[in-house]
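Presented below is the structure to which this report refers.
The values are calculated or read from the model by the stated rules, or taken from the named source; none is laboratory data. Values in this document were obtained by computation on a predicted structure and should not be read as measured data. Ideal geometry is used to build each Cβ from the backbone, glycine not excepted, and the neighbour counts take in all protein chains shown. The area values use the complete protein model at the heavy-atom level, side chains included, leaving out ligands, DNA and RNA. Shrake-Rupley method; radii C 1.70, N 1.55, O 1.52, S 1.80 Å.
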Amino acid sequence: MTRQPDLLYSDTEDDLRAAVRSLLTDRADTRTVLDRVEEPSPYLPGLWEALASGIGAAGLLVPEKLGGQGASHREAAVVLEELGRAVTPAPYLTGSVMATETLLALAADGGPAADLLAALASGERVAVLALPFSTAPRKPIEPGHRVPAVADALAADVLLVPRPDGLYAVDAADAVVTPRSSLDLTRPLAVVDTRDAEGVRLAGPEAGPAAVRRGLLAGAGLLASEQLGIAEWCLEETVRHTKERYQFNRPIGSFQALKHRMAHLWLDLVGARAAARAAADALATGAPDAELTVAVAQAYCSGVAVRAAEECVQLHGGIGMTWEHPAHLALKRAKADQLALGSAGHHQDVIAALADLPAPA
């Protein structure tokens, strides 16, 4: 019998959404984020502590016996939807999902991985994978001392570094982290050099890559929820604007051509929500088709987020082109996410391989 995914939100997930949205409205409103992206670091003081330890979002994927909340990928997906809506500069996807999931694969027998997980779950420390943010779950992991385009390395206390003999936890203070210009100003990239950093070995040459792939798969699956959040905000903001903007003594939202564009976008959004929720549910339940479901979500949601952001910019007219309006933040995040953890084309190839279909032309 084919498993039917649960695409609906539970009362607990709705309560979590309300708490995260309230926090972001108070601490990371549009004006605050826009002002902060001009700074060398976009991260908002106090926001991570409130999100991680105040709400407990950092430990959602971590079992209670290891100091976490004992929730699942479904709840983490809700957090990412809200972070995507606000285009929040916070190392949640990279730290509380990808790094945490990697460590969960190694923490069954205790040891340094379990100790580090407890610190991540409490928000006391932040870890990120020292891999290019474009690395897809199925791509070969290429260990190296110098890694380009590591997302959120500037916010990390610990770097999870793949090496030929296994996976290491390296103190970020012992590495050389060099900021690099990135399209998405709210998720900065950096070059990480761990040549002179020793670190603590977490796993050997077989378990290490497998754990990293698990982290990348969870990241790709829940990135779809972030993309969903971006698209939702863009559509809501565009509908609001077209109701209030008048031309020829009529709101521009009453013009049929614009109605059709927003209606098509709404249909895309419904599909994206189903795909993102299916991916989160598959990861949460350990479904055997999780890899396929994640690939479907990424192949679809990345394009929807970009289309929604492009429509948001265009249907705002001249206002949407300005630096003062947040539409450009959504567009840049959507475009950067489109290349993160594997392109749509890569995930289409994965779908074809897993479903035993001809690869798309």
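Relative contact order, whole percent, for the range 1-130 stands at 26, derived from Cα pairs under 8 Å and 6 or more residues apart. Taking a ≥ b ≥ c as the square roots of the eigenvalues of the alpha-carbon gyration tensor, the range 43-147 is classed oblate because a/c is 1.5 or more while a/b is no larger than b/c.
If a/c stays under 1.5 just call it rounded; otherwise compare a/b with b/c (prolate if a/b is bigger, oblate if not). Do that for the range 154-312, with a ≥ b ≥ c from the square roots of the Cα gyration tensor eigenvalues. Walk me through the numbers before you get to the answer.
Numbers: a/c = 4.56, a/b = 1.94, b/c = 2.35.
Here the range 154-312 falls in the oblate category.
The alpha carbons of the chain give a radius of gyration and a Dmax of 20.1, 70 Å, in that order.
Note on Val270 and Glu64: the extension gain reaches 70.8 nm, defined as 0.36 nm multiplied by sequence separation minus the Cα-Cα distance.
Using the 1.4 Å probe convention, the accessible area of the chain works out to 43 Å² per residue with neighbouring protein chains retained. For the chain, set up a GNM with springs between Cα atoms under 10 Å and report which of Gly144, Gly70, Gly46 has the largest fluctuation. Looking only at Gly144, Gly70, Gly46, the biggest GNM fluctuation is shown by Gly46. Taking label positions 7 Å along the Cα-Cβ direction at both Asp11 and Thr25, the computed distance is 2.2 nm, reported to one decimal.
Taking every DSSP beta bridge that has both residues in the chain, what percent is antiparallel when rounded to the nearest 5?
Values: 20 of 23 bridges.
Counting only bridges with both partners in the chain, antiparallel ones make up about 85 percent.
Cross-link reach is defined here as a Cα-Cα straight distance under 19 Å, omitting same-chain residues fewer than 8 places apart; for Lys65 the aspartates and glutamates meeting it are Glu75, Glu101, Asp109, Asp115, Glu124. The lysines whose alpha-carbon is closer than 24 Å to the alpha-carbon of Lys243, local same-chain residues fewer than 8 away aside, are Lys259. For the chain, the relative contact order works out to 17 percent when only alpha carbon pairs closer than 8 Å and six or more residues apart are counted.
The lysines whose alpha-carbon is closer than 21 Å to the alpha-carbon of Lys332, local same-chain residues fewer than 8 away aside, do not include any residue. Each Lys and Arg Cβ is given +1 and each Asp and Glu Cβ -1; about its Cα centre, the chain then shows a dipole of about 1020 debye.
Using a 4.7 Å Cβ-Cβ cutoff, the cysteines of the chain lacking any partner cysteine are Cys301. Here each label is just a point 7 Å from Cα along the line to Cβ, and for Ala108 and Ala18 those points are 3.9 nm apart.
With r as the distance between the Cβ atoms of Asn249 and Ala119 and R0 = 51 Å, compute the FRET efficiency 1/(1 + (r/R0)^6) and round to 0.05.
Values: r = 61 Å, r/R0 = 1.19.
Taking R0 as 51 Å, the efficiency between Ala119 and Asn249 is 0.25.
When both the range 60-92 and the range 151-209 are represented by their alpha-carbon centers, they are found 21 Å apart.
If the chain between Ala263 and Asp356 were fully stretched, how many nm would it gain, using 0.36 nm times the residue separation less the Cα-Cα distance? Spell out each step's value before the answer.
Values: separation 93, 0.36 × 93 = 33.48 nm, distance 3.40 nm.
Going from the current span to full extension adds 30.1 nm.
Looking at Ser96, Ala224, Ser302, which one has the Cα that reaches farthest to the positive end of the dipole of the chain (charges on Cβ: Lys, Arg +1; Asp, Glu -1)? Farthest towards the positive end: Ser302.
The label-point distance for Ser41 and Asp174, in a model that sets each label 7 Å from Cα toward Cβ, rounds to 2.1 nm.
Compute the signed sum of charges (Lys and Arg +1, Asp and Glu -1) over the other residues within less than 14 Å, Cβ to Cβ, of His145. Intermediate results must be reported in sequence, preceding the final value.
Numbers: positive: Arg146, Arg163, Arg195; negative: Glu142, Asp165, Asp174, Asp193, Asp196, Glu198.
Summing Lys/Arg as +1 and Asp/Glu as -1 gives -3.
Taking Cα pairs under 8 Å and at least six residues apart, what relative contact order does the range 211-354 come out at, in percent? Intermediate results must be reported in sequence, preceding the final value.
Numbers: 172 pairs, mean separation 46.1, N = 144.
Relative contact order here is 32 percent.
What part of the accessible area of the range 220-361, given as a whole %, is carbon or sulfur when the probe is 1.4 angstrom? Provide the component values of the computation, followed by the final result.
On the way: 3710 of 6170 Å².
On the range 220-361, the fraction of accessible area on carbon and sulfur atoms equals 60 percent.
Can you give me the angle between helix 112-121 and the longest principal axis of the chain, using Cα atoms only, in degrees from 0 to 90, rounded to the nearest 10? It is inclined by approximately 30 degrees.
Calculate the dipole size of the range 237-361 relative to its Cα centre from +1 charges on Lys and Arg beta carbons and -1 charges on Asp and Glu beta carbons; express the result in debye to the nearest 20. Once rounded to the nearest 20, the dipole reads 700 debye.
Sorted into 5 angstrom bins from 0, the C-alpha pair distances of the range 241-361 split as 2, 11, 15, 18, 17, 13, 9, 7, 5, 2, 1, 0 percent.
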